[in-house]
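The values are calculated or read from the model by the stated rules, or taken from the named source; none is laboratory data. Just so you know, these numbers come straight off a predicted model, no measurement behind them. Quick reminder, even Gly has a Cβ in these numbers, built from the backbone with ideal geometry, and neighbours come from all protein chains shown. Calculation scope for accessible area: heavy atoms of the full protein, side chains included, ligands and nucleic acids excluded. Shrake-Rupley method; radii C 1.70, N 1.55, O 1.52, S 1.80 Å.
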Amino acid sequence: MANLWVTTFIWAFSFPLIGYYIVGVVDNYFAILFRSCIAFLIFLPFLNLKLKLITIGGLQIGLMSIFYYHSFLYLSVSEVALFTIFTPFYLSLIYDLISCKFKKLYLISITLCIIGAFIIKFESWSLSSLYGFILVQMANICFGAAQAFYKLTCKNLKDNRSNFGYFYLGAVLVSGVSFILFGNFTMLPQNLQSWVVLLYLGVVASGFGYYLWSSGSLMVDSGTLAIMNNAIIPIAILVNTIFWGVDFDIYKMTIGGFLIVLALFLQSKFETFYKNQINFKYNT
């Protein structure tokens with residue numbers, strides 16, 4: 001849980017940094033390629049061939065980021081953050097489908113965390129944002145599916161660092177091809193501010209963030225991992241308020257935050273229930 005919480009705070013900075021300093025200033029494909037390359041270089045010394053990790057990295061960072069970055073062209077920072085609230089559902093559903101173990105009770109806690117995040121973030125929405133909404137959902141599916149695949153693929157992995165470089169290699173391959181085919185070479189970073197933000201996104205948000213998150217995902221249940229995907233919502237709002245002076249509704253934050261915490265509490269109870277079921281089955 002500690003890894004997930006640290007990453008949640010790290011990623012909370014990504015929404016405003018991308019929305020305010022990168023999209024519309026730096027080419028999207030270059031930004032994705034740059035942060036992927038930086039993160040890949042961090043784990044280069046630990047490489048050990050893992051073809052599945054290349055695929056997962058390409059999906060979770062490369063393909064997800066393409067949909068995610070482009071959504072900022074059609075949506076505000078707040079709308080993008082709002083529409084990411086469905087990731088827990090996709091993650092849990094895909095994980096259960098792959099593992100062939102459908103845990104119905106998890107739908108209760110996951111629905112609670114989605115409602116909580118919705119209460120916090122909802123302001124207004126119109127059909128004019130539909131294309132942006134679809135882009136964010138595609139990003140959510142990629143992100144959720146990759147987390148499910150990683151958790152199932154690497155659950156018995158002892159040395160995560162020696163293999164994780166290939167996760168970033170997959171991201172570099174996808175983002176590199178995308179930049180070459182679709183990138184705007186006239187929109188490369190033109191000022192120090194853009195480079196600094198990209199370095200933060202590459203070293204901290206991608207390099208350490210994805211590593212900590214993926215490592216933490218192996219230590220918790222799939223339901224808890226799903227809910228933690230929405231814990232970033234209230235923290236991202238607080239970051240946006242503290243560093244960029246954006247106001248928020250304290251009542252909505254309190255109610256929504258309470259529901260997310262309640263979802264985590266119920267999730268722990270549901271996990272215990274299913275573990276007891278498994279133990280009872282084996283003991284009998």
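Here are some values of Rg and Dmax of the Cα atoms in Å: [x] 17.8, 57; [y] 17.9, 60; [z] 18.6, 68. Which one was computed from this structure? After the calculation, the listed value that fits is [z]. Computed over every Cα-Cα pair of the stretch 82-152 and binned at 10 Å starting from 0, the pair-distance distribution P(r) comes out as 20, 45, 28, 7 percent. Output the relative contact order of the chain, whole-number percent, from Cα pairs under 8 angstrom with separation of 6+ residues. This gives 40 percent for the chain.
Other residues with beta-carbon under 15 Å from the beta-carbon of residue 115 carry, at +1 per Lys or Arg and -1 per Asp or Glu, a net charge of +2. Computed over the stretch 1-134, the convex hull of the alpha-carbon atoms projects to a mean area of 10.2 nm².
Between residue 185 and residue 276, what is the FRET efficiency for a Förster distance of 45 Å, r being their Cβ-Cβ separation, to the nearest 0.05? E between residue 185 and residue 276, to the nearest 0.05, is 0.15. For the chain, a simple Cβ point-charge model (Lys and Arg +1, Asp and Glu -1, everything else neutral) yields a dipole of about 980 debye relative to the Cα centre. Inverting the mean 1/r over all pairs of different Cα atoms, compute the Kirkwood radius of the stretch 133-273 and quote it in Å. Taking the inverse mean of 1/r over all distinct Cα pairs, the stretch 133-273 comes out at 18.1 Å. Of the residues 186, 97, 260, the one whose Cα sits farthest toward the positive end of the charge dipole of the chain, with +1 on the Cβ of Lys and Arg and -1 on the Cβ of Asp and Glu, is 97. When the solvent-accessible area of the chain is split by element, carbon and sulfur atoms take up 70 percent of it, the probe being 1.4 Å. As a size descriptor, the averaged projected area of the C-alpha convex hull of the stretch 146-186 was calculated at 3.8 nm². The residues of the chain have, on average, 47 Å² of accessible surface per residue, using a 1.4 Å probe with all protein chains present. Each Lys and Arg adds +1 at its Cβ and each Asp and Glu adds -1 at its Cβ; summed about the Cα centre, the stretch 207-284 shows a dipole of about 300 debye.
Each Lys or Arg adds one and each Asp or Glu takes one away; over the other residues whose Cβ falls under 13 Å from the Cβ of residue 73, this sums to -2.
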